[in-house]
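FYI, it's all coordinate maths here, none of it is from the lab. The model shown is predicted, which means the values in this text are computed figures rather than measured ones. Glycine also receives a Cβ, built like all others from the backbone with ideal geometry; neighbour counts cover every protein chain displayed.
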Amino acid sequence: MTDFTPRTAAACALTLLAMAADTTTTSYAPSPARPGRGIEQVGAYASALGLHESAAHVVPFEQGREFHVVATCGDGCDVDLELRSPAGRAIDRHVSAGTPEVAVIPSASGRYRAVVTMRRCDLRVCAYTLAVMTR
């Protein structure tokens, strides 16, 4: 799998931060991705959490395609990110500082879950964004 650069993640995040104006979860799903056309964003979510709170976002993945999920948080906060299979099994997890990214090439199509946990938040609630990309 090819790594997405922090610059790519930041560009996705800037687009999504506008969606995080309040604590309501917002999602975006453009038209289906066309294979062979490079990296494409196929989903986006924005919400807010308090310290140590978690939220799960359902992300539909297709068998055999490479998917990356990137989470970003504004100044004064950090998030952890975990990807779970349709059966709830942990597939990939990012729990260190920086821009969390998890990736998978699913062996079966299904409704996977990206779980965001607010690890650090200097406010009562902190906004975060989640971008789902495929190649």
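Along the range 49-64 the Karplus relation, 6.51 cos²θ - 1.76 cosθ + 1.60 evaluated at θ = phi - 60°, assigns HN-Hα couplings of 9, x, 3, 6, 7, 10, 9, 10, 10, 7, 10, x, 10, 9, 4, x Hz to successive residues, with x for each Gly and Pro.
On the beta carbon distance between A90 and V125, with R0 = 30 Å, the FRET formula returns roughly 0.70. For the range 111-119, 3J(HN,Hα) computed residue by residue from phi via the Karplus equation (6.51, -1.76, 1.60; θ = phi - 60°) reads 9, 8, 10, 9, 9, 9, 10, 7, 7 Hz, glycine and proline entered as x.
In what sequence, highest mean first, do 86-96, 122-132 appear when ranked by Cβ atoms within 10 angstrom?
On the way: 86-96: 12.2, 122-132: 20.1.
Sorting 86-96, 122-132 by mean packing, highest first, produces 122-132, 86-96.
Based on alpha-carbon atoms, the Kirkwood radius and the radius of gyration of the range 52-119 give Rg/Rh equal to 0.98.
Listed values for the range 92-103 are Karplus-derived 3J(HN,Hα) couplings in whole Hz (6.51 cos²θ - 1.76 cosθ + 1.60, θ = phi - 60°), namely 8, 8, 10, 10, 10, 5, x, 8, x, 9, 10, 9, and x replaces Gly and Pro. Once backbone amide H atoms are built at 1.01 Å from N, V59 has Y112, R113, A114 as its partners under 5 Å, excluding neighbours fewer than 5 places away on the same chain.
For E53, the residues whose modelled amide H falls within less than 5 Å of its own, excluding neighbours fewer than 5 places apart on the same chain, are M118.
Database remark: amide H of E66 closer than 5 angstrom to the amide H of R135 (H placed geometrically; neighbours at sequence offset of 5 or more, or on other chains; Pro and chain starts carry no H).
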